[in-house]
1. Please determine whether any residue of region 41-52 is of a type in the set (Ser, Thr, Tyr) and without any contact (Cβ under 8 Å) to a residue 24 or more places away in the chain.
2. Any residue in region 58-81 that is touching a Phe, Trp or Tyr at 6+ places or on another chain (Cβ under 9 Å) and β-branched (Val, Ile, Thr)?
3. Out of the residues in region 4-60 meeting the condition of being in contact with a helix residue (DSSP H, G or I) (Cβ under 8 Å, 6 or more places away or on another chain) and among the basic types (Lys, Arg), tell me which one is modelled with the lowest pLDDT.
4. Taking region 1-54 as the search range and keeping residues that are among the basic types (Lys, Arg) and assigned to a loop (DSSP other than H, G, I, E, B), which one is least open to solvent (accessible area, probe 1.4 Å)?
5. Does region 63-82 include one or more residues that are assigned to a loop (DSSP other than H, G, I, E, B), touching a residue at least 40 places away in the same chain (Cβ under 8 Å) and open to solvent by less than 40 Å² (accessible area, probe 1.4 Å)?
6. Cβ-Cβ distance below 9 Å, separation of 6 or more or different chains: which pairs start in region 14-38 with a residue that is aromatic (Phe, Trp, Tyr) and end on one that is modelled with pLDDT under 75 and part of a helix (DSSP H, G or I)?
Amino acid sequence: MTKPIVISDNTPSFFLALSYLVNDRVKFQLFQNRDVESWRQKLNLKELAQNYSNIIVAHPQENFVNFLNEQYPIRTEKLAGALIEIKLQ
């Protein structure tokens, strides 16, 4: 992955604790859990797909994955554990 972004609705402190292990090329976009209105306002997968080589969803709650599937024509690929790569169709 040359320029990945990780999006998640998981606890920000979880990612802050792991950030020192991640390559500097990896960017994060974190959302508050169950804040669907915030997701609608701040999440633009088309823009992310233009600016990043890979879009990874980390540790998503089921309602976040459902939101993504309802808003965008995407396909998902499970990478490892709770990591999912999404691609716009």
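The values are calculated or read from the model by the stated rules, or taken from the named source; none is laboratory data. All of these numbers come straight from a predicted model, not from anything done at the bench. Here the Cβ is made from the backbone with ideal geometry for all residues, glycine too, and neighbour counts use every protein chain on show. In case anyone asks, the SASA skips ligands and DNA or RNA and just uses the protein heavy atoms, side chains included. Shrake-Rupley method; radii C 1.70, N 1.55, O 1.52, S 1.80 Å.
1. No: region 41-52 contains no residue that is of a type in the set (Ser, Thr, Tyr) and without any contact (Cβ under 8 Å) to a residue 24 or more places away in the chain.
2. no
3. Looking at the filtered set, the residue picked out is Arg34.
4. Among residues in region 1-54 that are among the basic types (Lys, Arg) and assigned to a loop (DSSP other than H, G, I, E, B), the one least open to solvent (accessible area, probe 1.4 Å) is Lys3.
5. Let us first name the residues in region 63-82 that are assigned to a loop (DSSP other than H, G, I, E, B), namely 72-73, 81-82.
Narrowing the set further to residues that are touching a residue at least 40 places away in the same chain (Cβ under 8 Å) leaves none.
Checked against the condition, which is being assigned to a loop (DSSP other than H, G, I, E, B), touching a residue at least 40 places away in the same chain (Cβ under 8 Å) and open to solvent by less than 40 Å² (accessible area, probe 1.4 Å), region 63-82 yields no hits at all.
6. Going by the 9 Å Cβ cut-off, the qualifying pairs are Phe28/Pro12; Phe28/Phe15; Phe28/Ser19.
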